Every structure is written in C-alpha cells, then in structure tokens.
Amino acid sequence: ETTRAAHQAALDPREATPPAAAADLRPPPPAISDPAETCRLTLRLFDAETRRPRSGLVRVRRADGAAVPLPGLVNRGLGLRQNHPGKEWFVLPAVATVTVPRGVLTIEAFAGIETELARSTADLTGRPAAEVDLPLTAFSSTVSRGWYAGNTHLHLQKLTREQTDTYLRTVPRGDGLD
C-alpha cells in the first residue's frame, strides 16, 4: 500500500483519477492565443530501406532541451510519474500534424527496439507550417529469425473501455510490437 500511495502521489494530477469523460487518450490541441508563435509541423516516419510509412515514437525538444508536448498524439508515458523520461515520447502513427512552438527544434524518433534513433533539427523561426521526414534505419530483424515482439504488461489501469481501445490501437504499433 505504501508503494501504491507513493506511485499515485507521483502521477501527473490529470492521470491520478480516470478521465471518464474522455473518449480516448489523445488530448485536444491547445487553444492558441497567438498563432504567430506556433507552427503546424507535419511529421512523417518511414522505413529507410523500403520507404514505406512506419509508426513509431517521437520526441520534440526546444533548443534549451525542454521537451515539447504534442497534443493530439497519445503520450507513451501514460500512467508514469510526472518527471519520467517516458512522458517526453508520443506515438506517431506514421504521419501527423502537430502544433509546436516556432524556433529551433530537435525531432527524434525510433520504432521498437530494432531501429536506430533518427534525429533532425528544424528551424521553424517565422514559419507557420513545416514538414519533417524521418527515415528509420533498422539494425536488426528478429522476425527474419523467427522472433516476434510482444509486451509483458499493459498500462490499462484506470482507463475507460474507449481509452483502452485507443491505447491498444496506438501504443503497441508505436512500440513495434507484432
């Protein structure tokens, strides 16, 4: 019980109780008070060898190193403590457009445990819209050796049925699970 209480206390307050009214796990885009300070960034992931679209996890950081939240995408760190590094990563279903601050941003992505970390820097200063394509390079193929990726546990505690369905449609794909 003490461990559970400490875990509950460390959660993001928005995740401490189930958001029963939410239809899914993707928070809506924020109301933009000054559109001149933001950029609509389209992110695309694809397999570097086949050039086919690929789902994965993406993190965007400002020049000062601070992670940029990506409303509209499912946060991979759901249910983890507020300052957990997993909260910086979001599931990107191959392509999505997100609202980010203008300025110099670093975009990183990977898929599963078999791709290298892809990284790109984009200077969005003064730009209302931009696109970044990230090729994901595989360094291994366990499937070709008869191995398949699975998950030993799921973060479904305190989720509604609709949220669970969203989680199971998005997160395993971003993690590269079979």
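The values are calculated or read from the model by the stated rules, or taken from the named source; none is laboratory data. Just so you know, these numbers come straight off a predicted model, no measurement behind them. Positions of Cβ are backbone-derived with ideal geometry, glycine not excepted, and every protein chain shown enters the neighbour counts. Only protein heavy atoms, including side chains, enter the accessible area calculation; ligands, DNA and RNA are left aside. Shrake-Rupley method; radii C 1.70, N 1.55, O 1.52, S 1.80 Å.
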Give V98, V104 a once-over and let me know the one that is open to solvent by 40 Å² or more (accessible area, probe 1.4 Å), at pLDDT 85 or above and among the hydrophobic types (A, V, I, L, M, F, W, C).
-> V104
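Please count how many residues of the range 56-81 are open to solvent by 20 Å² or more (accessible area, probe 1.4 Å) and part of a loop (DSSP other than H, G, I, E, B). Please lay out each step first, then the result.
Restricting attention to the range 56-81, the residues satisfying the condition of being open to solvent by 20 Å² or more (accessible area, probe 1.4 Å) are 59, 61-67, 69, 71-72, 75-76, 78-81.
Of the ones still in play, those that are also part of a loop (DSSP other than H, G, I, E, B) are 63-66, 69, 71-72, 76, 78-80.
Here the count works out to 11.
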Within the range 7-46, how many residues are at pLDDT 55 or above, acidic (D, E) and either under 21 Å from R81 (Cα atoms) or buried (at least 16 other Cβ atoms within 10 Å of the Cβ) (or both)?
-> 2
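For (1) in contact with an Asp or Glu (Cβ under 9 Å, 6 or more places away or on another chain); (2) polar (S, T, N, Q); (3) without any contact (Cβ under 8 Å) to a residue 24 or more places away in the chain, each residue gets a yes or a no:
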residue: R54; (1), (2), (3): yes, no, no
residue: L57; (1), (2), (3): yes, no, no
residue: R62; (1), (2), (3): no, no, no
residue: A67; (1), (2), (3): yes, no, yes
residue: V74; (1), (2), (3): yes, no, no
residue: Q82; (1), (2), (3): yes, yes, no
residue: G86; (1), (2), (3): no, no, yes
residue: L92; (1), (2), (3): no, no, no
Hey, any hits in the range 135-149 for a residue that's at pLDDT 85 or above and not in a strand (DSSP E or B)?
-> yes
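Here's the yes/no breakdown for (1) part of a helix (DSSP H, G or I); (2) touching an Asp or Glu at 6+ places or on another chain (Cβ under 6 Å); (3) open to solvent by less than 80 Å² (accessible area, probe 1.4 Å):
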site	(1), (2), (3)
I113	no, no, no
G126	no, no, yes
E131	no, no, no
R169	yes, no, no
L177	no, no, yes
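In the range 44-54, is there at least one residue being in contact with a helix residue (DSSP H, G or I) (Cβ under 6 Å, 6 or more places away or on another chain) and among the polar types (S, T, N, Q)? Even if it seems obvious, please write down each step before you answer.
Just the residues of the range 44-54 that are in contact with a helix residue (DSSP H, G or I) (Cβ under 6 Å, 6 or more places away or on another chain), to begin with: none.
No, the range 44-54 has no match at all.
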Looking only at the range 148-160, decide whether some residue is on the phi > 0 side of the Ramachandran plot, surrounded by 12 or more Cβ atoms within 10 Å (Cβ to Cβ) and of a type outside the set (D, E).
-> yes
